[in-house]
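The values are calculated or read from the model by the stated rules, or taken from the named source; none is laboratory data. This one's a predicted model, so the numbers in the text were calculated from it and none came from an experiment. Note that we place each Cβ from the backbone using ideal geometry, even for glycine, and neighbour counts take in every protein chain shown. Note: areas computed on protein heavy atoms with side chains; ligands, DNA, RNA excluded. Shrake-Rupley method; radii C 1.70, N 1.55, O 1.52, S 1.80 Å.
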Amino acid sequence: MEKWSLMTITVLLALTVRWAVSLGSYSGAGKPPMYGDYEAQRHWQEITYNLPLRQWYFNTSDNNLLYWGLDYPPLTAYHSLVCAFIARLINPDWVALHTSRGYESQPHKLFMRTTVFVADLLVYIPAVILYCSSLKETSAKKKASTCALCILLYPGLILIDHGHFQYPLSLGFALWGVLCLSHDWDLLGSVAFCLALNYKQMELYHSLPFFCYLLGKCFKKGLKGKGLVLLTKLAGTVVFSFAACWLPFGTDVEQIMQVLRRLFPIDRGLDRDKVANIWCSLSVLIKIKNIVSPQTQLKLSFAVTFLSLLPACIKLTVQPSLRGFKFALVSCALSFFLFSFQVHEKSILLVAVPVCLIINEIPFMATWFLLLSTFSMLPLLLKDGLLLPYAMTMPAFLAVCLASFSILDKTSAEDLQLKAFTLALRGYVSWFKSFPRIVRSGFFLSLSLMGVLSLLSAAVPPPQSLPDLFPVSVSIVSCLHFLLFLVYFNVVILWDSKNSKSQKKTS
């Protein structure tokens, strides 16, 4: 009883913070002609309600794809249609064809914010609570609730979902997938992840760890016996789940091809503005998109992304474990963010949410990463008028993590899951003796740099000759951090594998 009372308080606190953030402005408010992501979500409701399904993804006189055309998979469209039916019952003007563009009113804002709250309450928050309650490491009542509190107070997701405006459904479904796999409900986990992937195509960031973990389990059971049966069931589940999601579009091949063209717009080029990945950072020195064609850019990004995530995927397939699966989710998603094609600032959330899942295992590094991931979106947050929520939620999150996990005391090589790695190198590198002090110093230096750049970005006008000085600085600093984190997570994954094998031999 006490456990659930603590969880109730945790959820209420998380909802209060979300509501406070949602009271402000939203993406693109009062800024015609495109307005922003809030208007995109509203416009999809307008389109899906008023037009036949065959026109949802096609450019027509009633559906100008240049004005927030649908570019997410079918489940997003179906969700928009459900919201549109409810909106139509309350006020038909909210989804009226053509005339509702840029609609802004307090009642409609309340309605839209409520739809995000409902998505949070029905999908994302329950997954977080059940995940934290099921962790063996957090069997104590207080630890389970504090772990859930840290995850639910992660600033990045709150600011984007309830400030910038988007729905947490794809990440929520992915969390349900992780939760199901942790209980060996492999088929249910596959269904949950298929729902995530059919809600947002960016869930491809997590697809390889899911695939490799389940394939590894099949290999482990033996592909001539139980493993083959499991593999057949998994394949059938995935095919059935995709077929169910795409069934309304399945009668016409051109429909399917048009949806796929909308989901993967190759012609837009390799990088987007001010994203903290390698391509945007390199563009300061060399404009890759001006040198090679979009097709070559796609091949280049695919090759680099594939090579960077290959070690973690091989390890997970050969030695499947839940712990390895969660770390691989982080490593592979970070590889996608840093090196893949057409990355958005918000895509860092696809890395951050898996990091939340291991905050109980590496609280210091997880807290550092989660703070950094929010900071990396600073140019977007400032553009949306979210400076005050950003300035309030970042210190609050750090304070909660300090109080919950005493993160500054968790900087030893063992606490950072680097014991085997440091033992292997201790004879060659003398400074490993002062490793915890070096890590803490790096953390404080990083926090100071984030604080200074945040203040400069918010309060100091950039030089006229360098109007993008601060956004570019934020992107480059964040990218350098992310590269170091990628190395760190891969070291943890690979050395854990070697250490496990050596322990098995010893035993």
Original post:
Can you tell which of GLN258, GLN297 is open to solvent by less than 40 Å² (accessible area, probe 1.4 Å), outside the structural domain of SER335 (by the TED database) and more than 22 Å from the chain's Cα centre (by Cα)?
Top reply: GLN258
Subject >> Residue that is nearest to GLN41 (Cα to Cα), among those in region 105-120 that are of a type in the set (Val, Ile, Thr) and without any contact (Cβ under 8 Å) to a residue 24 or more places away in the chain >> reply: THR114
Original post:
Does VAL487 count as open to solvent by 70 Å² or more (accessible area, probe 1.4 Å), closer than 23 Å to PHE325 by Cβ and at pLDDT 95 or above?
Top reply: yes
Original post:
Do we have any residue at all in region 271-279 that's part of a helix (DSSP H, G or I) and either farther than 30 Å from ILE493 by Cα or open to solvent by 80 Å² or more (accessible area, probe 1.4 Å) (or both)?
Top reply: no
Original post:
Taking region 149-198 as the search range and keeping residues that are charged (D, E, K, R) and more than 26 Å from THR367 (Cβ to Cβ), which one is nearest to the chain's Cα centre (by Cα)?
Top reply: ASP186
Original post:
Assuming TYR390 fulfils every condition listed in (1) free of Cβ contacts under 8 Å to residues at least 40 places away in the same chain; (2) in a helix (DSSP H, G or I) apart from one, which condition is it?
Top reply: (1)
Original post:
Which is open to solvent by less than 40 Å² (accessible area, probe 1.4 Å), touching a Cys at 6+ places or on another chain (Cβ under 6 Å) and not assigned by the TED database to the domain that holds ASP184, of LEU309, LEU334, LEU338, LEU349?
Top reply: LEU309
Subject >> Residue ID - most open to solvent (accessible area, probe 1.4 Å), chosen from residues in region 403-421 that are more than 19 Å from THR146 (Cβ to Cβ) and polar (S, T, N, Q) >> reply: GLN417
Subject >> Selection status of GLN201, buried (at least 17 other Cβ atoms within 10 Å of the Cβ), among the polar types (S, T, N, Q) and over 19 Å from the mean Cα position of the chain (by Cα) >> reply: no
**OP:** Can you give me the number of residues within region 97-124 that are over 22 Å from the mean Cα position of the chain (by Cα) and open to solvent by 40 Å² or more (accessible area, probe 1.4 Å)?
**Re:** 9
Original post:
Looking at region 445-468, which of the residues that are polar (S, T, N, Q) and either part of a loop (DSSP other than H, G, I, E, B) or exposed (fewer than 11 other Cβ atoms within 10 Å of the Cβ) (or both) is modelled with the highest pLDDT?
Top reply: SER448
Original post:
Restricting to region 366-387, what's the tally of residues that are part of a helix (DSSP H, G or I) and open to solvent by 20 Å² or more (accessible area, probe 1.4 Å)?
Top reply: 5
Subject >> Unique residue being within 24 Å of CYS332 (Cα to Cα) and either crowded, with 21+ Cβ neighbours inside 10 Å or without any contact (Cβ under 8 Å) to a residue 40 or more places away in the chain (or both) when the list is VAL239, VAL253, VAL229 >> reply: VAL239
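Matching residues to (1) open to solvent by 40 Å² or more (accessible area, probe 1.4 Å); (2) assigned by the TED database to the domain that holds LEU197; (3) over 27 Å from the mean Cα position of the chain (by Cα):
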| position | (1), (2), (3) |
| --- | --- |
| ALA29 | no, no, no |
| TYR49 | yes, no, yes |
| LEU65 | no, no, no |
| VAL95 | no, no, yes |
Original post:
Considering region 342-371 alone, what residues qualify as being of a type in the set (D, E, K, R) and within 24 Å of LEU445 (Cα to Cα)?
Top reply: GLU345, GLU361
Subject >> Condition check for THR146: among the polar types (S, T, N, Q), farther than 27 Å from LEU380 by Cβ and either open to solvent by less than 20 Å² (accessible area, probe 1.4 Å) or in contact with a helix residue (DSSP H, G or I) (Cβ under 6 Å, 6 or more places away or on another chain) (or both) >> reply: yes
Subject >> Enumerated helices (runs of 4 or more DSSP H) restricted to region 147-213, each holding at least 2 residues that are out of contact with any Pro (no Cβ under 9 Å at 6 or more places or on another chain) and modelled with pLDDT of 95 or more >> reply: 169-182, 186-197
